[in-house]
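The values are calculated or read from the model by the stated rules, or taken from the named source; none is laboratory data. What you see is a predicted model, and the numbers here were worked out from it, not measured in a lab. Here Cβ is always computed from backbone atoms with ideal geometry, including for glycine, and neighbour counts include all displayed protein chains. Please note that ligands, DNA and RNA were not included when accessible areas were found on the heavy atoms of the full protein model with its side chains. Shrake-Rupley method; radii C 1.70, N 1.55, O 1.52, S 1.80 Å.
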Amino acid sequence: MQLLRKLGFPISLIYALVVYLRNYLYDLGLLPSKAFGTKTICVGNLSVGGTGKTPMIEFFVANAKEQGRIAVLSRGYGRKSKGYLLAKPGIGVEDLGDEPFQIYKKFPKAFVAVDADRQNGISILEETVGPDIILLDDAFQHRKVRCNQYVLLTSYSNLYVDDWYLPSGNLRDSKREAKRANIIVVTKCPSNLSESEQQRIRKKLNPGPSQRVVFSFLEYETTLKGSSGEIDLAELKNRKVTLVTGIANPKQLLSFLSSQEIEFEHLAYPDHHFFTEKEIALFNTKEMVLTTEKDYVRLEGKIKDLHYIGIRHKFMNGGEKVLLNLMGESIKAP
C-alpha cells in the first residue's frame, strides 16, 4: 500500500491543483453557492476515513431538545435509492444508507433525510418540515451551500496538517479550507491527553483568532445491545467472540477490546460494506458476533446472536459547552 501511495504522488499533485482551483473559484464567487433561511451547521472533515462524524451528529441531536425542531441531512452514502428521501416507518437501511438509518433509529423524533444535492434537500426540508436547524453530515466540501456554522473534525492520530492529498495521502480537500471552520475538534484522542500535548496540537493547527479548538475521545458503552437483549461487556470474557467491522478504521475498537481482556477473532470489511448472503451464513456459524452500531443496522435480524458496542464523544475541558453554544448561536443568528 505504501508503495502504491508513493507511485500515486504525481496524481496527488494534479488532484491538489484541481481542489485548489475549485475552492478558489468558490471564494471569488465564480462558482455559485447559496445560503438558506434555516440555520445550518456543517459537520465534516478534510480527509477520507473515520473521524467520528456520526457520533458528533448524534451529540448535537441528543442535546437539541431546547433548540427546537432539528433535521439531519446526509448524502446517504451506499444507499440504493436516488434523490431526496425522508426517513419514516417502513424505510430500510438500504434506502437511507447505514449512518442516516442509525441516526433515525436512535432519534426517531428527529427529521433525517438524504439527498446528494444538498441545496435540493434543504429546500424540501424547509418546505415540508420547517426545522429550526439543519445539521449537514459530511458536507465540508459541499460548497454549493453556505452554512451558518462549520465544525471540522480531525483525528488525533492523523491531523490534517500532517496529511497529503489523495491518493498518496488521505486529504480530499485543501488544508487551507480549515479557515472556514468555527470549531476544530481533535477526535479520538487518548483519554488522558495532557494539557501540554493539547497546547502543542493547538500550535500545530494554528487556528485563527475566532476559531476554537476542542479535544475529544471516544467512550465505548459497556452495555451491549442486540438480538437477545442487553449483556454486559465483561460477559464476553467467557465467550468465543467474533468481531465484524465494516468501518474506515477499527484500530481503536480493537485496542479497547484488548484492554478489556476480551479474546476475539476479527473479520474486517470495507467501510459501508453491505454483507452478502455467504458472509452472513459464515457469521451464523459463530457462537457470538459483536459489531459496531453502524454495522448492526445492516445485520440486524440476519444473525442469531448479534450485539453491538455503542460509542460517543467525550469532551475535555468543557468542550461540549463550546459546541452547544455554537448550536444556540446558529439558531439565534440573524
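Answer with yes or no whether Arg312 is in contact with a Pro (Cβ under 8 Å, 6 or more places away or on another chain) and surrounded by 14 or more Cβ atoms within 10 Å (Cβ to Cβ). Answer is yes for this residue. Taking the condition of being surrounded by 19 or more Cβ atoms within 10 Å (Cβ to Cβ) and touching a strand residue (DSSP E or B) at 6+ places or on another chain (Cβ under 8 Å), how many residues in the stretch 129-149 meet it? Number satisfying all stated conditions: 13.
Among the residues in the stretch 188-211, are any on the phi < 0 side of the Ramachandran plot, assigned to a strand (DSSP E or B), surrounded by 14 or more Cβ atoms within 10 Å (Cβ to Cβ) and of a type outside the set (Lys, Arg)? Even if it seems obvious, please write down each step before you answer.
First, the residues of the stretch 188-211 that are on the phi < 0 side of the Ramachandran plot: 189-205, 207-211.
Checking the rest, the ones that are also assigned to a strand (DSSP E or B) come to none.
There is no residue in the stretch 188-211 that is on the phi < 0 side of the Ramachandran plot, assigned to a strand (DSSP E or B), surrounded by 14 or more Cβ atoms within 10 Å (Cβ to Cβ) and of a type outside the set (Lys, Arg).
Any idea which residue in the stretch 274-333 is nearest to Tyr156 (Cα to Cα), counting only those that are without any contact (Cβ under 8 Å) to a residue 12 or more places away in the chain and of a type in the set (S, T, N, Q)? Applying the filter and picking the extreme gives Asn325. Output the residue which, of all residues in the stretch 284-295 that are open to solvent by less than 20 Å² (accessible area, probe 1.4 Å) and in contact with a Phe, Trp or Tyr (Cβ under 8 Å, 6 or more places away or on another chain), is nearest to Asp95 (Cα to Cα). Only one residue tops the list, namely Asp295.
Residues in the stretch 161-173 that are open to solvent by less than 10 Å² (accessible area, probe 1.4 Å) and either part of a helix (DSSP H, G or I) or more than 21 Å from Leu4 (Cβ to Cβ) (or both): Asp173 alone. The test for being open to solvent by 40 Å² or more (accessible area, probe 1.4 Å) and either within 30 Å of Val322 (Cβ to Cβ) or among the β-branched types (Val, Ile, Thr) (or both) holds for Glu221.
Evaluation of Asn249 against the conditions (1) open to solvent by 60 Å² or more (accessible area, probe 1.4 Å); (2) within 19 Å of the chain's Cα centre (by Cα); (3) more than 27 Å from Tyr269 (Cβ to Cβ) shows that the sole unmet condition is (3).
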